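Visitor: Below is one structure. I have some questions about it.
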Amino acid sequence: MGLSPILNFDSTSVQENIELPKETLHEDEFWQVVRSHYNLHPDFINLESGYYNITPKPTLSKYFKHLERVNLEGSFYMRYNRFEDKNIITAQLASFTGCDSKSLVITRNTTESLDLIISGYPWKKGDHAIHALQDYGAMQDMFEQIAKRYKVAVTKVSVPNHPIDDEEIVSLYESQITSKTRMIMVCHMINITGQILPIRKICAMAHRYGVEVLVDGAHCIGHFDFSIEELNCDYYGSSLHKWLATPLGAGLLYVKPEHIPKIWPLLADEEQDPSKIKRLSHTGTHPVATDITIVDALEYLSWMGIERKEKRLRFLKEYWQNALKNQENILINTPFERHRSCGIGNVGLKNISPSKMAQLLYEKYGIFTVAIDYANVHGCRITPNVFTTTSELDVFIDAVKSLSKLSI
């Protein structure tokens, strides 16, 4: 799968200030305006926003200004301004995500956030943890590491693509709990299918056994409307360069206050008070302009409206999902119930492998997506974004229908 040489475009076009319309716009007109805020690649239809949501121009232009400011102030900024800025950013992010800023730190991505908890938890020989085969590989790798390092037993469950009800999911995890179980890791939204799991119910169940719950929310912040604290989880990690659409390299970690003292930091920090979450967030001289732009990404989402965005993303997913259901040789790997998914979906073909499907979608139809072929998920992850049009999805729908008729 090859791409054309890197685009030559005038970067000044994304450095200009872009005024966001203040008047009420009709839905179609509104999403046309949103689409105009993105530089989209002319060689393919991008249906792979899951890995990284490209940043809209209104946010990107402010990011460039932050880069200029940090570069202008140099060490002065790093020594005197960045900590105050980070406190402000953290407070605004906490307000948006529904938690106390004293329980939240900014990280670089979900993997860093969750691995910090998995590796920093005070494990003892014989302890037990549970996670799913459908969980993200990096966290599964970390559980394997702590299993070897601390002699922790790890059990893997397999989440069905089409659960009967919430109780089936809850009982799946509950059935594996033992007297030695200390932690369950669970996806808020499974990254390979887009299925949203009943986190509050899982947490309520786990807490009855004295088990803590670590939630992988990589795809949730800025995707749909919820409050972290209302989930009642113990730990929550997310990536902000996904559906909040910050520049690459921003994430968050939430820790319930009572758990902060027992987690060992990944990198030692000068903050020595064990009750303060800042001791877990030493990042050194990293690209601070990315962190500053979190505020601008929040402002852009505020203009759009999280409920409006959620509704649009779910509409786009249901548009292609419903067009392809009950078709010969086509498998939908994402639940159809509205509360069980939002913008991410997965579709496979009985007659073509996922990797071949992704290759043909790109080479024959100019559609970029990603193949998933493990656990019980065999298909391509489809992640439209707010810039996606129904006409682009029509191309995708026709392409999948055509591929389902091939004999390979």
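Visitor: Right, Trp303: exposed (fewer than 15 other Cβ atoms within 10 Å of the Cβ), modelled with pLDDT of 95 or more and among the aromatic types (Phe, Trp, Tyr) or not?
Guide: The answer is yes for Trp303.
Visitor: Taking the options Ile184, Ile228, Ile177, Ile263, name whichever one is touching a helix residue (DSSP H, G or I) at 6+ places or on another chain (Cβ under 6 Å), at pLDDT 95 or above and surrounded by fewer than 24 Cβ atoms within 10 Å (Cβ to Cβ).
Guide: The conditions single out Ile263.
Visitor: Right, here's the next one. Inspect all residues belonging to segment 306-313 and state whether any of them is assigned to a helix (DSSP H, G or I), closer than 30 Å to Leu104 by Cα and aliphatic (A, V, I, L, M).
Guide: yes
Visitor: A further question on this structure: Looking at Ile117, Ile88, Ile54, Ile106, which is the one that is under 24 Å from Cys220 (Cβ atoms), touching a Lys or Arg at 6+ places or on another chain (Cβ under 7 Å) and of a type in the set (Val, Ile, Thr)?
Guide: Ile106
Visitor: Also, I was wondering about something else. Out of all the residues in segment 171-187, which are of a type in the set (Ser, Thr, Tyr) and part of a loop (DSSP other than H, G, I, E, B)?
Guide: Within segment 171-187, Ser175, Thr178, Ser179 meet the criteria.
Visitor: Mind listing just one residue for me: the one in segment 350-384 that is within 19 Å of His41 (Cα to Cα), of a type in the set (Ser, Thr, Tyr) and under 21 Å from the mean Cα position of the chain (by Cα) and, of those, surrounded by the fewest Cβ atoms within 10 Å (Cβ to Cβ)?
Guide: Thr369
Visitor: Shifting gears a bit: Name the pairs: first residue in segment 26-49 and part of a helix (DSSP H, G or I), second residue not aromatic (Phe, Trp, Tyr), Cβ to Cβ under 6 Å, at least 6 apart or on different chains?
Guide: Val34/Val386
Visitor: Evaluate segment 273-294: report whether one residue or more is under 27 Å from Arg82 (Cα atoms) and either among the acidic types (Asp, Glu) or outside the structural domain of Phe224 (by TED's automatic domain parsing) (or both).
Guide: Yes, there is a match, as at least one residue in segment 273-294 is under 27 Å from Arg82 (Cα atoms) and either among the acidic types (Asp, Glu) or outside the structural domain of Phe224 (by TED's automatic domain parsing) (or both).
Visitor: Quick check on my filter: what residues within segment 36-90 are more than 20 Å from the chain's Cα centre (by Cα), hydroxyl-bearing (Ser, Thr, Tyr) and over 24 Å from Phe387 (Cβ atoms)?
Guide: Correct list: Ser75, Tyr77, Tyr80.
Visitor: Please verify whether Asp373 is outside any helix (DSSP H, G or I), within 25 Å of Trp243 (Cα to Cα) and acidic (Asp, Glu), treating the condition exactly as stated.
Guide: Criteria met by Asp373.
Visitor: Quick check on my filter: what residues within segment 382-408 are more than 14 Å from Leu349 (Cβ to Cβ) and assigned to a strand (DSSP E or B)?
Guide: Across segment 382-408, the qualifying residue is only Thr383.
Visitor: Is it true that Ala358 is at positive phi, among the hydrophobic types (A, V, I, L, M, F, W, C) and out of contact with any helix residue (DSSP H, G or I) (no Cβ under 6 Å at 6 or more places or on another chain)?
Guide: No.
Visitor: If you don't mind, there's one more thing I want to ask. Looking only at residues in segment 125-142 that are of a type in the set (D, E, K, R) and buried (at least 19 other Cβ atoms within 10 Å of the Cβ), which one is farthest from Asn376 (Cα to Cα)?
Guide: It comes out as Asp127.
Visitor: For Asp291, only one of the following conditions fails: (1) over 30 Å from Ile18 (Cα atoms); (2) surrounded by 15 or more Cβ atoms within 10 Å (Cβ to Cβ); (3) in contact (Cβ under 8 Å) with a residue 60 or more places away in the chain; (4) not aliphatic (A, V, I, L, M). What is its number?
Guide: Among (1) over 30 Å from Ile18 (Cα atoms); (2) surrounded by 15 or more Cβ atoms within 10 Å (Cβ to Cβ); (3) in contact (Cβ under 8 Å) with a residue 60 or more places away in the chain; (4) not aliphatic (A, V, I, L, M), the lone unmet condition for Asp291 is (1).
Visitor: Would you mention how many residues in segment 70-100 are in a helix (DSSP H, G or I), free of Cβ contacts under 8 Å to residues at least 40 places away in the same chain and surrounded by fewer than 17 Cβ atoms within 10 Å (Cβ to Cβ)?
Guide: Qualifying residue count for the region: 13.
Visitor: Looking at (1) modelled with pLDDT under 95; (2) crowded, with 19+ Cβ neighbours inside 10 Å, can you tell me which one Thr285 breaks?
Guide: It is condition (2) that Thr285 fails.
Visitor: Related question: Suppose the filter is at pLDDT 95 or above and touching a strand residue (DSSP E or B) at 6+ places or on another chain (Cβ under 8 Å); does Ile106 pass it?
Guide: Against the criterion (at pLDDT 95 or above and touching a strand residue (DSSP E or B) at 6+ places or on another chain (Cβ under 8 Å)), Ile106 qualifies.
Visitor: Starting from segment 135-161, take each residue that is among the acidic types (Asp, Glu) and list its partners that are surrounded by 14 or more Cβ atoms within 10 Å (Cβ to Cβ) and assigned to a strand (DSSP E or B), counting only C-beta distances under 7 angstrom and pairs at least six apart or across chains.
Guide: If the second residue must be surrounded by 14 or more Cβ atoms within 10 Å (Cβ to Cβ) and assigned to a strand (DSSP E or B), the pairs left are Asp135/Met185; Asp135/Cys187; Asp135/Asp216.
The values are calculated or read from the model by the stated rules, or taken from the named source; none is laboratory data. Just so it is clear, the model here is predicted, and its values are computed rather than measured. Quick reminder, even Gly has a Cβ in these numbers, built from the backbone with ideal geometry, and neighbours come from all protein chains shown.
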